[in-house]
Every structure is written in C-alpha cells, then in structure tokens.
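Let me begin by presenting the structure, written as structure tokens, before commenting on it.
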Amino acid sequence: MITSTLVAVLFIIAQWKLFEKAGEAGWKSLIPIYNCYTLFVVARNSGFGKMLGFLIGGTILSVVGDICTFTVSSAATVIGIILLIVSIAISIYSMVLYFRMCIDLSARFGKEKGFAWGLFLLGPIFICILAFDSSNYDDLVDAATDSAEPSG
C-alpha cells in the first residue's frame, strides 16, 4: 500500500511538472479525468472527447451485452454477443485515439515515434522521463510530419 501511494504521488508530481513545462497550470494534474483531458490539450490532440464518448458507449454496450448474453432467449444471446463484439471494437478504437495522443505528445517534446510507444505501453515511467529530462515543449511542432510549422 505504501509503495503504490508513493508511485501515485510520484506520478502526480511528474504530471504537474509536465503540465508546467507545457504552459498549463500544474494543479490540473490533481483532478481525475481533467488531468487526462489536459494531457490531450498539451498534446494538441482533439481526440479526448471522442475517446471518452467511445469508452462510455463501449462500457454501456458491454453491460447490455452481458445482460443479453445471460438471458434464456437465444435471440437475446445473439444480440448480446454482437454488442460485446461492438464494445471490443470501440475499445480498440479508443486505444488508437490514445496512441495518436501519445505520438502528438512525444512530438511536442521533441521525441521520436518510438518514445510514443513507451508512453503508450509504460505511460507513468515515460511521463516521468518527459517531466524531468531537459526536453522543451514546442507548440509549433506538427506531429504528423515531425517538423516545425512555419511561423509566418
């Protein structure tokens, strides 16, 4: 319990520092869900609303699918299985949106796309790396091309 608390505190501190490096208020790291939204804002990625909507919709479909699957009617079972498959597809799409945010975030801090895989797979560790290394936040980077946008 003490170890998990220390890890959580370290992650909050790292996210606080990351937000400050990007010009956002550090206190935003303290509020659940809003800190995730702020991370998408720092990455200049607009997928947070879509991801949240898909996750909520996928969860609802999964619950309804579970209920239908365990009913007596075979038609309800088929509908339940279809809903479960759709909810899995929605979850996969949400992960794709999150990975795109990881690519954008790593590009904003001058990191390569391989670093985005680290953010995706080992997020807290790579957030700490971004927060405490010497990289600078660059708002002018276009993540799609990994180059700076013209300022004129």
Problem set entry | Members of the range 55-103 that are farther than 19 Å from Leu39 by Cβ and among the charged types (D, E, K, R) | Asp66
For this session: Considering only the range 14-32, state which residues are more than 15 Å from the chain's Cα centre (by Cα) and of a type in the set (Gly, Ala, Ser).
Result: Ala14, Ala22, Gly23, Ala25, Gly26
Seminar exercise, completed: Restricted to the range 97-143 and to residues being assigned to a helix (DSSP H, G or I) and of a type in the set (Val, Ile, Thr), the residue surrounded by the fewest Cβ atoms within 10 Å (Cβ to Cβ) is Ile125
For this session: Report yes if some residue within the range 36-48 is under 24 Å from Ser135 (Cβ atoms), assigned to a helix (DSSP H, G or I) and in contact with a Lys or Arg (Cβ under 6 Å, 6 or more places away or on another chain); otherwise report no.
Result: yes
Problem set entry | Hits in the range 19-70 - residues which are without any contact (Cβ under 8 Å) to a residue 12 or more places away in the chain and open to solvent by less than 40 Å² (accessible area, probe 1.4 Å) | Ala25, Gly26, Lys28
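Residues are listed down the side, and each one gets a yes or a no for (1) of a type in the set (Phe, Trp, Tyr); (2) in contact with a helix residue (DSSP H, G or I) (Cβ under 8 Å, 6 or more places away or on another chain); (3) at pLDDT below 80; (4) at positive phi:
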{"residue": "Ile67", "(1), (2), (3), (4)": "no, yes, yes, no"}
{"residue": "Leu84", "(1), (2), (3), (4)": "no, yes, yes, no"}
{"residue": "Leu97", "(1), (2), (3), (4)": "no, yes, no, no"}
{"residue": "Lys111", "(1), (2), (3), (4)": "no, yes, no, no"}
{"residue": "Gly118", "(1), (2), (3), (4)": "no, yes, no, no"}
{"residue": "Leu121", "(1), (2), (3), (4)": "no, no, no, no"}
{"residue": "Thr145", "(1), (2), (3), (4)": "no, no, yes, no"}
{"residue": "Ala148", "(1), (2), (3), (4)": "no, no, yes, no"}
{"residue": "Gly152", "(1), (2), (3), (4)": "no, no, yes, no"}
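The values are calculated or read from the model by the stated rules, or taken from the named source; none is laboratory data. Note that the coordinates shown come from a computational prediction; the quantities given were computed from them, not determined experimentally. Here the Cβ is made from the backbone with ideal geometry for all residues, glycine too, and neighbour counts use every protein chain on show. Just the protein is used for accessible areas: all its heavy atoms, side chains included, with ligands, DNA and RNA removed. Shrake-Rupley method; radii C 1.70, N 1.55, O 1.52, S 1.80 Å.
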